[in-house]
1. Okay, helix-only estimate at 222 nm for chain B: each DSSP H run of n ≥ 4 adds -39500 (n - 2.57), divide by all residues, round to 500 deg cm²/dmol; what do you get?
2. Between rounded, prolate and oblate, where does region A:315-423 land on the alpha carbon gyration tensor, with a ≥ b ≥ c its root eigenvalues, rounded for a/c under 1.5, else prolate if a/b exceeds b/c?
3. So, counting K/R as plus one and D/E as minus one, what does the shell of residues with Cβ under 15 Å around B:Gln106 add up to?
4. Applying the Karplus parametrisation 6.51 cos²θ - 1.76 cosθ + 1.60 with θ = phi - 60° to the phi angles of region B:9-16, what ³J(HN,Hα) value in whole Hz is obtained for each residue in order, glycine and proline being reported as x?
5. So, how do all the Cα-to-Cα distances of chain B break down into 20 Å bins, in percent, from 0 on up?
6. Find the percent of Cα-Cα distances in region A:390-538 that exceed 17 Å, and round it to a whole number.
7. What size of dipole, in debye to the nearest 20, comes out for region B:451-597 about its Cα centre when the only charges are +1 on Lys and Arg C-beta atoms and -1 on Asp and Glu C-beta atoms?
8. Between rounded, prolate and oblate, where does region A:1-145 land on the alpha carbon gyration tensor, with a ≥ b ≥ c its root eigenvalues, rounded for a/c under 1.5, else prolate if a/b exceeds b/c?
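Laboratory data are not the source of any read-out in this text; all were calculated from the coordinates shown. Predicted, not measured: the structure shown is a model, and the values here were computed from it. For neighbour counting, all protein chains shown are included, and Cβ atoms are generated from backbone atoms with ideal geometry for every residue, glycine included.
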Protein chains: 2
Amino acid sequence: MEIRNRVRLQPVAPGDVRLNDGFWTPRQEVNRRVTIPHQYRMCKETGRIDAFRLTWKPGDPNPPHIFWDSDVGKWIEAAAYTLATHPDPELERLVEEVVALVVGAQQPDGYLNTHYTVVEPDKRWTNLRDCHELYCAGHLIEGAVAHHQATGKRALLDALCRYADYIDSVFGVEPGKKRGYCGHPEIELALIKLYRATGNARYLRLAQYFVDERGRQPHYYDEEARARGEDPKTFWQTSYEYCQAHQPLREQREVVGHAVRAFYLYSGMADVAALTGDTELLAACRRLWDDATLRKMYVTGGVGPSKHNEGFTSAYDLPNETAYAETCAAIALVFFAQRMAQIEADSRYVDVLERALYNGVLSGVSLDGTKFFYVNPLASRGTHHRQEWFGCACCPPNLARLLASLGGYVYATAPGAVYVHLYVGSRARVQVGGQTVELTQETDYPWEGDGCLTVRPATPAQFALMLRVPGWCSRWTLRVNGRSVTAPVVRGYARLRRRWTAGDTVAWSFAMSVERVAAHPAVAADVGRVALQRGPLVYCLEGCDNPRVTALLLPVRSRLAARFDPRLMGGMVVVEGMAERVEAAGWQGRLYGPRSALQRETVRFKAVPYFAWDNRKPGAMVVWMPEA
Amino acid sequence: MEIRNRVRLQPVAPGDVRLNDGFWTPRQEVNRRVTIPHQYRMCKETGRIDAFRLTWKPGDPNPPHIFWDSDVGKWIEAAAYTLATHPDPELERLVEEVVALVVGAQQPDGYLNTHYTVVEPDKRWTNLRDCHELYCAGHLIEGAVAHHQATGKRALLDALCRYADYIDSVFGVEPGKKRGYCGHPEIELALIKLYRATGNARYLRLAQYFVDERGRQPHYYDEEARARGEDPKTFWQTSYEYCQAHQPLREQREVVGHAVRAFYLYSGMADVAALTGDTELLAACRRLWDDATLRKMYVTGGVGPSKHNEGFTSAYDLPNETAYAETCAAIALVFFAQRMAQIEADSRYVDVLERALYNGVLSGVSLDGTKFFYVNPLASRGTHHRQEWFGCACCPPNLARLLASLGGYVYATAPGAVYVHLYVGSRARVQVGGQTVELTQETDYPWEGDGCLTVRPATPAQFALMLRVPGWCSRWTLRVNGRSVTAPVVRGYARLRRRWTAGDTVAWSFAMSVERVAAHPAVAADVGRVALQRGPLVYCLEGCDNPRVTALLLPVRSRLAARFDPRLMGGMVVVEGMAERVEAAGWQGRLYGPRSALQRETVRFKAVPYFAWDNRKPGAMVVWMPEA
């Protein structure tokens, strides 16, 4: 294997970025103070943590479930990111307690999985297709890497290296090894993290193997099923498209199947492609990216419309009320977007990342940090609400780890350049031009499009500052040290190349107005409808603000105004205007009648950011309004 | 039990009405020549008919399923109605063969059920909630009554009387009897038919018992589940609302649960209420009717939006693409409507009957009579198609028996009056004013609103002719023997009371224009949308006539024209006009963009009757068009 790193940008690690942001800091604080402890309790109460004690015996209640380990791995990861920027002895104590349990559960040969160790010890590696065994390994690896980076401690990392070494001894093309790969991708991207954390190319090679082997004939899942005495045709999801194993990855042209699996897989695939210089594989990533984001993504960044496969159907099939749009799938899209952005240094990937982050991801958690959406529809009759936890609890800790690591999405570096991907108030230390540069970003984003970056190199230094021009913005200006400047835009980034001196400032102004957004005309569900967006935020109308909200139509020419309401859910910009409401008067005694009998009344409406819905009085919600 | 018949109208039996109609006669012919023989073959090939030989033994493949008997009962019923008006020795031979098998399967005690006799002989009457045992009895009874009326033969009727007598010995409030009732209602309405056919009040009393007992506490299904060693709480549908057994029927105020069960039940309930003068029960029927037809019915007459329970959700929840709207449910609504119409002599019931019949029922069968919809959505991406048969094959024979008995829905009589419910070319013999009156109706309905009835009493006679003024019609005129007349409208029927002489003619003209129909503003799915209707027919747009059909919008003021196309699917009136189509040009490379970037083109569109969709090139379909 040749290692030819094609990644243009290096992210600035979350540990090197401390948020100081009116929008995100309170959310990170809720995540740190409420959500992460809440999730520890849920993991504890449901038995997920104590499962690592390996005390379960046949006949006992509550056997460790096949995906429990992954929840604990994600919780460790979330807690570790938090500890990296916010030391917290109590949280650290909990983390070390859990880490000790995980390490203690490792078997002499390196194997580490609670379910198979105590519940089905003779079934290890017999059902990769359905049983999440390598998926759990991947999440424990991600947790271990984050834990090591946050604390410098090696116990968990070493344990997971031993596990990865063992996995490498089991799987591969070499004679005597199993040619398997996981039905739920995740280990691929985790092994890349392990490779980056350790420098051990064995993990990159193993990730490459998992990517290359997937979907080959004779099909491993067929053989594996037969070895279990099952007919492969009885696979409950019918097609291996469900787990993106229907054909080799480099031949895949369409995003299919389970959405979380898809984007975890594409993330690891992009990593492997970039790190090995595999241009064919990278071309497949680009094709799949385009199929996903140009044909199969909600305006919220939600992905995977169908409950049936928790995933994709056909192009442009984006029903609103029945949208599945799992929180984890939007998070997984963020992961894939981040990788593509670093590989290509192109803002279009970050535009999608931002769309998902501020809408279909953030909607996943309540403002108080204690309740979660698994499913994120774009319309509701008022019966859809967040829950404290789920039997399949993938989404809550996934949100926690993303929010805790948000700092890692803000900046990146390239030789001679610093990239600003996201507008988030923060202080960061970045390595550029051979030295450490301190960056201080101040902004009221996403409520306002203005902001300022103060640059503090240790000594004056020549480098380019690359500011992402958001895809939603059509008018913008820049000032350096108070003076208007023009800047060339390179792959979506305004490039300011100069010799920077400590205290230099760059101020930007991205004109942020309320936009009526339309969907591609092939999206049948949205024909004749518009959504409201301001900056990166998609808006929605809730019943508690708008009586009979589903009967509202938006006149094509009505004026839309944005207003900051400091008392609304901690302070939010609302969008207001006049709508027409179809009136029920005159419809007593009939369900259908002549169109001419419809009466409309002009009413004031108020829209709130989509992510914030279902935090007040339960009721109906609408994103796409029919036009009047 | 007091028998106080509150039924105002007596339907004219299908055997006394011979259709001679441009619209329905070809469909009845297809039903007779293609569908009924096709269904015989399907019943034969799948083992449903030979199941009555009772030769199945444990270990054999293909055990008789719990609902198979019902399909055979419905097939006998369909064939019998056909034989009543169209003698056919070959069909009669098949019917008698099947009848002999059914009769031969009866047990010495009168029991008659293939599944329980051979598959679970020790489980008889142990799971009324789930296992369709009395439901199958009901369909065999309906088949037996129709067979007797068509052929005058008694073998099957006698067998089913014995079975009903046995059932009556098992169920009831008397000590020693089970206080059960069927999870899938059907036996109630069947017992009423048996009562009417035999005059034996025992069957009316048994129907009354089943209606009265339903939903009482302590709950029979709870006790029955416990007797099986099951926890009643594990009921797979969670609530007894699924089978309308959550509370006593006379307390029920909302239509809930499985839609076919609901309307079969309400039909039997209306029969019992009317025949026993139970005004409280009749009030419940009226409430449920209103809830169903004013809050929970598609514009096609389809009912039950949800696949989950094959039934109802909440008021005004009428999603189009995911509409379940089972064919059987629309047929069951026809049954309930017919009963309410006869009880109340009010045209509003027939308006709904007609809406369902011409749209959501008739869509259930292909024009060639060989394929069937189980599910009738109001929008499709092009993936929904009729099938030859279903594992759960309730819909095909239900369609066959309804089409074969259509003559029975056209006329009714009351003392001194003849009612014309439906406009269908036909010759009928009705009993009114103490004599037989021959009626000859000529009409091009539903394509045109004109028609004529020639009245031929044996001798001149005084009676009222009651012509239904269709709910869709706002302008109409009448002529008697060529002369304009005015007529009072009584509960929706134009009353022409006079002394009729043989050869008198009544001509009507119901102005039939293309109407834009709107839904009640609470129907979120249809806000900002209109459907097209002309006469009783709801129209739809298909992809094969309209490229990119889901991107069409209908301008509020565009002119709509109806035109008879003699070459279209055997001759149909199409609706044409100009629509606006949102164009995909300019949307390359993006899925969402500014509303201002949408381009619209004016294009000609063509709509076809909803019932006829999916008979040509497969493609997308839309009923409710967004307005431009």
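1. Working: 15 runs with 196 residues, N = 628.
Using -39500 (n - 2.57) per qualifying helix, the result is -10000 deg cm²/dmol.
2. Values: a/c = 2.68, a/b = 1.72, b/c = 1.56.
It comes out prolate by the Cα gyration axes.
3. Value of the local net charge: -1.
4. Result, ordered by residue: 10, 10, x, 7, 4, x, x, 9 Hz.
5. Per 20 Å bin, starting at zero, the Cα-Cα P(r) for chain B comes out as 19, 53, 25, 3 percent.
6. Within region A:390-538, distances greater than 17 Å cover 67 percent of Cα pairs.
7. Details: 21 positive and 9 negative charges, 146 e Å.
Once rounded to the nearest 20, the dipole reads 700 debye.
8. oblate
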